[in-house]
1. Can you pull out the residues in region A:136-152 that are more than 14 Å from chain C (Cβ to nearest Cβ) and open to solvent by 30 Å² or more (accessible area, probe 1.4 Å)?
2. Can you work out which of the residues in region A:1-42 that are among the β-branched types (Val, Ile, Thr) and more than 7 Å from chain D (Cβ to nearest Cβ) is farthest from A:ILE111 (Cα to Cα)?
3. Determine if region C:242-252 includes at least one residue that is in a loop (DSSP other than H, G, I, E, B), of a type in the set (Ser, Thr, Tyr), open to solvent by less than 10 Å² (accessible area, probe 1.4 Å) and in contact (Cβ under 8 Å) with a residue 40 or more places away in the chain.
4. Tally time: how many residues in region C:260-289 are open to solvent by less than 10 Å² (accessible area, probe 1.4 Å), touching a residue at least 12 places away in the same chain (Cβ under 8 Å) and more than 30 Å from C:GLY299 (Cβ to Cβ)?
5. Taking the stated definitions as given, is A:GLU127 modelled with pLDDT of 95 or more, more than 14 Å from chain D (Cβ to nearest Cβ) and either within 25 Å of D:ASP187 (Cα to Cα) or within 16 Å of ligand 6 (Cβ to nearest atom) (or both)?
6. So in region D:110-133, with the set limited to residues that are within 13 Å of chain A (Cβ to nearest Cβ), surrounded by fewer than 23 Cβ atoms within 10 Å (Cβ to Cβ) and not small (Gly, Ala, Ser), which one is farthest from C:ARG337 (Cα to Cα)?
7. Counting only residues that are of a type in the set (A, V, I, L, M, F, W, C) and under 29 Å from the mean Cα position of the chain (by Cα), which one in region D:96-109 is surrounded by the fewest Cβ atoms within 10 Å (Cβ to Cβ)?
8. Restricting to region B:1-25, give me the number of residues that are under 14 Å from the mean Cα position of the chain (by Cα) and either assigned to a loop (DSSP other than H, G, I, E, B) or surrounded by fewer than 21 Cβ atoms within 10 Å (Cβ to Cβ) (or both).
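The values are calculated or read from the model by the stated rules, or taken from the named source; none is laboratory data. None of these values were measured; they are calculated from a predicted model. Cβ placement follows ideal geometry from the backbone for every residue including glycine, while neighbour counts extend to all protein chains displayed. For accessibility, only protein heavy atoms count, side chains too; no ligands or nucleic acids. Shrake-Rupley method; radii C 1.70, N 1.55, O 1.52, S 1.80 Å.
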Amino acid sequence: EGPGLGQPLETAEIPFYATYVKPDGTGLPEGSGTAADGEALYAAKCASCHGATGSEGPVMPPVGPNDIWAKPAGSYWPYATTLFDYIRRAMPLEAPKSLSDDETYALAAYILERNGVIDAETAMTAETLPQVKMPNHGNFLDVWARQGAKPW
Amino acid sequence: EGPGLGQPLETAEIPFYATYVKPDGTGLPEGSGTAADGEALYAAKCASCHGATGSEGPVMPPVGPNDIWAKPAGSYWPYATTLFDYIRRAMPLEAPKSLSDDETYALAAYILERNGVIDAETAMTAETLPQVKMPNHGNFLDVWARQGAKPW
Amino acid sequence: SAAAGTAAGLLQPRGARAEADIPEWTKAAGARARGYGTPAAAEASVQRAIIEPWQDVAPAFSLSGTPHHRLRGTITPNGLHYEVHHGGRPDIDPARHRLMIHGLVERPLQFDLEALERYPMATAIHFLECAGNSLFNAVMPEPMQAGCDMLHGLVSNTEWSGIPVKVLMEEAGVQPEGKWVVAAGADGPSLARSVPMEKIMQDGMLALYQNGERIRPEQGYPMRLLLPGFEGNMNIKWLTSLWVTEAPVHTKDESGEYTEILADGSSLQFTFAMGVKSFITHPSATMTMSGPGFYEISGLAWSGAGKVAKVEVSADGGASWAEAALAAPVLPQALTRFSLPWHWDGSPLVLMSRATDETGAVQPARADWKARYHASSFLHYNAIQPWQITAEGAVQNVYL
Amino acid sequence: SAAAGTAAGLLQPRGARAEADIPEWTKAAGARARGYGTPAAAEASVQRAIIEPWQDVAPAFSLSGTPHHRLRGTITPNGLHYEVHHGGRPDIDPARHRLMIHGLVERPLQFDLEALERYPMATAIHFLECAGNSLFNAVMPEPMQAGCDMLHGLVSNTEWSGIPVKVLMEEAGVQPEGKWVVAAGADGPSLARSVPMEKIMQDGMLALYQNGERIRPEQGYPMRLLLPGFEGNMNIKWLTSLWVTEAPVHTKDESGEYTEILADGSSLQFTFAMGVKSFITHPSATMTMSGPGFYEISGLAWSGAGKVAKVEVSADGGASWAEAALAAPVLPQALTRFSLPWHWDGSPLVLMSRATDETGAVQPARADWKARYHASSFLHYNAIQPWQITAEGAVQNVYL
Ligand code: HEC
Ligand code: HEC
Ligand SMILES: [Ca+2]
Ligand SMILES: [Ca+2]
Ligand SMILES: [Ca+2]
Ligand SMILES: [Ca+2]
Ligand SMILES: [Ca+2]
Ligand SMILES: [Ca+2]
Ligand SMILES: [Co+2]
Ligand SMILES: [Co+2]
């Protein structure tokens, strides 16, 4: 029951941040980047908040874990695809959505490489990123699937 | 049940406006004033809001009734004592509690006289004011006494 | 678990990224947290409607009405609770303010704020309504075209917290002859009203907090009397004195301003509780319908006598009525939101709501209300509010 | 009816008039009514407590906590509702804001505010609690000495009004495979969370109003998602997109920040509802008792699973418990005020409260909570809060 006042939404009107890259890679754009490509970018655009090499912080270091942050993005997260989507939509904090797709792949590669999850040569692309095996994947209990809205 | 933190309140600490002059005159102070005494005072301190002779307004003219105000203080109110107390505590609007007791008696006398309720010579005092018979007295139905909190 | 898709499947052009509008606030960091929030700048026009009957000579006598046509739900935010100031809003130093209890008591007492903070407190959601709410509909010969802020804004609804006055009265020890309490404020006019001891002891509250925080200056900071269901004027703001007496003392407000002249020329005095009432907020006067189709009719209902039992809505000027849904929880002496789905076919008609409370009292039609009172009377006006919708979709105040 | 009294009787000297203090605000007219009110100047210190963990490099990531120790009742005024901004508070032009519904739906749709104002609206009082509320107690080796604003301020309680999301989903036509909804905000980081369709259809609300007025900027102006009982982060502020998917998409927040590492090193993901919880606000840390005697112990309890069933209070560190009174109405997923009269004899002791919800869940002791989680974990901390009262009357945060 309602007034039916919704206007048609064309695909072209949907900005990328209204979707999310899925674990199987759906939604990843063309482009590529290696950890080497990402290193200078990271130093220029990310290090001020996350630390010189990604493990120093102060902000939730993506490389670790360490005493600052037990859940580093590059090794704790279950899927590498999240790195691409999150960096593209949200980082750097003061200029979100300013990175190109290539830059985003390169930064994801840099963070994964610094965590020892991928090697320095492998470029991250729409095909390789979803295939990255995250070390903590499989170590999560899905509480919603197990008991729904009942608090843990 | 409570913490019992109330402090003793001495009679001398109770300001006059924490009580009210009762219809029988309890609470009226010494002093006196006639309508003649009140006339100039009224013109100086009251006329700007209530009208040159008390019936013009714009603010709730105390002399009437007329089209501006159906419930003029000097003829509609059931007790003349209320005039003394209210003027003393509240008027003039910008300088409440600035009038002397004599001035207040005189202003009450002026308003009553203009309404034809008392004559011009009778001074209002703690003894005469409670004895003024207000014309609308006896024309009120006490709804609380009749039906308590039930809305009319 | 990453199934390698085909390049075609994975690499669907996300043309939307280029073509979709990305507003600038989605491409920047925003502002930091702040100590105390304010409404969005774009909502700056959501204000109380100010009524100053004698603006030139007596600006301190001023009122403001809640813009119910701009609000939803039932709680009134503190910044928009209606005001009636008989002598303006005083600027009180809370450290110097005190509450006195005296008269027919065993132990005359005074309390400062620090002491009062130690007392047991109760919490309840209640409306406050000025006895003069909706006065324009009561007395204007032609219906005024204005919003619900002007027409019905002198009622609001908040959560009050404070000390049951009973607790303080018991500490002072009320003497058997003490049947009334004269409450007085610390404002310029020292506004005073006689209140039955029965009401004080039943649910009178020394309210210190409103919607969680300390009462705002215009609501009586640092404390006010709350008498659920009773006309606003009796809920003394800036309360400084509770004087126990054997009888009402006939203060100014109970002698004239808050009495009502009936059709026969006699008057009612000591009319305390507000009657059952309702009005539709959506749609309401000053709005324009945005074309035929589905609308939700929504409004507010309340009664000083208890809970709202039923609200009926008519979309044909009173020929037929349908029962509206009441939003839970329905609380006593509290605004209750009602709503009803409705399809407007675009033709002119009159919408109205009629509330019934738990005592069975029903809102009267305007003509019936007017027939009971003197032509000048405007207090406790609780008649049904009809809104006329024109063929052009204008919503207008009408008398039926 | 005026009985002439004796002169002596009538003319009792009212010496009080001369000797009693008459404050200056009682001898003047006050200020006029105003369009939108603000708290008293004397209450300027009642502010949210600001927490900026990386103030130097990332000030936009900022939080502020409700000062519950300065408040009473259950409603949080809009100006003091807690904030958590992952990328700051955006300044949104409501005329350009839109809500998109797309993905596994028959008819992808977009709505502007004007259209949404026509939809049916619901109203309900609900708490919101950040999953990280009370984090200092969870992780600090020694109890932090701070007020309830810092210690438990990331929970607040307001009346929300808006459109049941179900109505909008039905207009778009959810496809059978559409089991989750990825909600995203229009803030800089476009904060996104995967929400089960079951929750969306059960009681998900597109909230447009808070405590009656339009939602404040820090609460998501012009609109936010409200998921009663679920961790604050999922109640997406500045909501601009609802994308229907077959499965959760593992957004940033559900991958790391809002997951919890257990004692064995494995992690919980998709932990949504907040557990049963309570704390005493009066007295609480940073306060000083004003001597032995009567006090009312008062506090707040809530549960993401439904209503609070019971709150017990101990004044001897947990050796014995007494049941507190709950202020009516007790509403599901809403802050509930509890209180208990108490006599402090002046000796040192530990006060604490323990809530039980309608599902039978009980607040754990801190040691039991800590035993379940990794040392670094601080989300969904709902352990009992003990307050130690020293012989000097200082109220301090302690771990038992
Ligand atoms: C000005 C400060 C700042 C800069 C510069 C910055 N970030 Fe961040 N970053 C943050 C903050 C703050 C968060 C936490 C946001 C949140 O909790 O939602 C964050 C979170 C992250 C996270 C998720 C961390 C986690 O464990 O959840 C990643 C990954 C990340 N940033 C990557 C980057 C990259 C890559 C860059 C450079 C392109 C970058 N950041 C630049 C402040 C910054
Ligand atoms: C600056 C404006 C102003 C001045 C000057 C003023 N008044 Fe008033 N008066 C008012 C207002 C406003 C009210 C209504 C107050 C209320 O409703 O509580 C009022 C009310 C009254 C009433 C009660 C009217 C009623 O029907 O309830 C009386 C009597 C009165 N004034 C007498 C006086 C006297 C006597 C003086 C001079 C000493 C005076 N006023 C000066 C503004 C003024
Ligand atoms: Ca490249
Ligand atoms: Ca004192
Ligand atoms: Ca009355
Ligand atoms: Ca509020
Ligand atoms: Ca449009
Ligand atoms: Ca979680
Ligand atoms: Co009033
Ligand atoms: Co949170």
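1. As a first pass, look at region A:136-152 and keep what is more than 14 Å from chain C (Cβ to nearest Cβ): A:141, A:143-152.
A:LEU141, A:TRP144, A:ALA145, A:ARG146, A:GLN147, A:ALA149, A:LYS150, A:TRP152 - these are the residues of region A:136-152 that are more than 14 Å from chain C (Cβ to nearest Cβ) and open to solvent by 30 Å² or more (accessible area, probe 1.4 Å).
2. A:THR11
3. Yes, that holds for at least one residue.
4. The number of residues fulfilling the criteria is 1.
5. no
6. D:GLN110
7. At the first step, the residues of region D:96-109 found to be of a type in the set (A, V, I, L, M, F, W, C) are D:99-101, D:104-105, D:109.
Filter once more, keeping what is under 29 Å from the mean Cα position of the chain (by Cα): D:99-101.
On the way: D:LEU99: 25, D:MET100: 23, D:ILE101: 25.
The extreme case among them is D:MET100.
8. Qualifying residue count, region B:1-25: 7.
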